[in-house]
Amino acid sequence: KIDSSNIILSGTNNFSKQDILIHSSLKLPERLIFIKTKLIERELLEKFSLKNISIDRQLFPFGLKISIQTRQPLAYAERKNDGIVNNGYTDIDGYFIPLEFAEIGKEKYTIKIIGWDKDFQNQISKILKFYYQNDNNLESIKISQEGFIELREKKLNKIILGYRPNIIKIKKQLNIIKEMKIQLDDNEILKNLDIVNLTDPAYPEIKVFKP
C-alpha cells in the first residue's frame, strides 16, 4: 500500500499533497493497483483549473507520480455562484482560476473581467487574444447576468458588443475595432470618443463626448 509519503508531486509549488487528498477521491493508504488515476485526473483538472495533469503508478521509486501544469493568469476576474462573488484570474484561453489555486508571479494584471461565465469562455478568450496580439490596451470585459457584453479600453473607451454575441459575431466586432483604430489614428475625434456601439456590426455607431 502507498501513503502520502509515496506521492511524488512535480510541476508546481502551488499545491501540496494535502490539497490533492482534500480535493479528490484519492484515499490513502491504498494499494497502488486500485487507485483510479483517470478519475483523479479529471477531478483535479476541474477543481484546480489546470492546463494539464498526469498521474502514473510506478514501481521504482514506488509510488504515485503526479505531474501538474498550471494555467498562467492574464487578467483579474470575478464570477458569481449562487449570489456569492468569487475572485480569481483568467488565462489566455478564458479559463477561470480560483484565487487560492492561481500560480502568480510579480506581474501586475491590468485587465479585469467582471461577471465571468463559463458560457462565454470562448468569447473571453477571443477578446483577450485579440488585444494581446494587437495594442494591448484593454481595461475590462463586463458580462451581465443576461449575457450583455461590453468592453472598456484606453483608446475607444466604452465598446458595446451586445447581447450574447457568438464567436462569429465577436470576430467581426474585433475586426471593426482594429479597422476603426487605424482610420481614427491621430484623429481629433479619438480624444472625444465616448461610446462605440457594435451591437450590429453592419451598422457601427459612435457617440462623441460633448463637454
- Taking the Cα centre of the range 39-178 as the origin and placing charges on Cβ (Lys, Arg +1; Asp, Glu -1), which of Ile92, Leu174, Gln123 is farthest toward the positive end of the dipole? Leu174
- Item | Rounded tilt (10° steps) of 121-133 against the dominant C-alpha axis of the chain | 70 degrees
- Task: Provide, in order from the shortest bin, the percent of all Cα-Cα pairs of the range 151-210 in each 10 Å bin, continuing until the bin that contains the maximum pair distance.
- Result: 23, 59, 17, 1
- Size of charge dipole - the chain - debye, nearest 20, with Cβ of Lys, Arg +1 and Asp, Glu -1, no other charges: 360 debye
- Using only C-alpha positions, report the orientation-averaged shadow area of the convex hull of the range 73-211, nm², one decimal. 9.3 nm²
- Task: Please work out the FRET efficiency for the pair Asn192 and Glu78, using the Cβ-Cβ distance as r and a Förster radius of 41 Å; give the result to the nearest 0.05.
- Result: 0.85
- Express the accessible area of the range 1-76 per residue in Å², computed with a 1.4 Å probe while the remaining protein chains stay in the model. 60 Å²
- the range 1-41 and the range 69-105: distance between their alpha carbon centers, rounded to Å: 24 Å
- Item | Lys1/Lys47 FRET efficiency (R0 22 Å; Cβ-Cβ; nearest 0.05) | 0.30
- Message: Against the 2.2 N^0.38 Å scaling, with N counting residues, where does the range 68-130 land? I'd like the Cα-based Rg ratio to two decimal places.
- Response: 1.05
- Per residue, how big is the convex hull around the C-alpha atoms of the range 1-104? Give it to me in cubic angstrom, could you? 99 Å³
- Positive end of the charge dipole of the chain (Lys, Arg +1 and Asp, Glu -1 on Cβ, about the Cα centre): tell me which of Asn14, Leu193, Ser144 has its Cα farthest that way. Asn14
- Which net charge results when you count Lys and Arg as +1 and Asp and Glu as -1 among the other residues whose beta-carbon is under 14 Å from that of Asn6? +3
- Query: Amide H of Leu156: which non-local residues (sequence gap of 5 or more, or other chain) have their own amide H closer than 5 Å, using H built in the peptide plane?
  - Reply: none
- Query: Which lysines, on any chain, are close to Lys171 with Cα under 26 Å apart, when same-chain ones fewer than 8 places away are left out?
  - Reply: Lys51, Lys112, Lys118, Lys126, Lys129, Lys142, Lys154, Lys155, Lys158, Lys181, Lys191, Lys207
- Query: For the chain, what's the relative contact order in percent, using C-alpha pairs closer than 8 Å and at least 6 residues apart?
  - Reply: 12 percent
- Roll a 1.4 angstrom probe over the protein heavy atoms and tell me the percent of accessible area of the chain that is carbon or sulfur. 49 percent
- Query: Tell me, what is the 1.4 Å probe accessible area of Tyr163, in Å² to the nearest 10?
  - Reply: 140 Å²
- Query: Ignoring the sites themselves, what is the longest stretch of the chain with no trypsin sites (Lys or Arg not before Pro) in a DSSP loop and at most 12 other beta-carbon atoms within 10 Å?
  - Reply: 32-105
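The values are calculated or read from the model by the stated rules, or taken from the named source; none is laboratory data. Since we're looking at a predicted model, the values are computed, not measured. Here Cβ is always computed from backbone atoms with ideal geometry, including for glycine, and neighbour counts include all displayed protein chains. The area values use the complete protein model at the heavy-atom level, side chains included, leaving out ligands, DNA and RNA. Shrake-Rupley method; radii C 1.70, N 1.55, O 1.52, S 1.80 Å.
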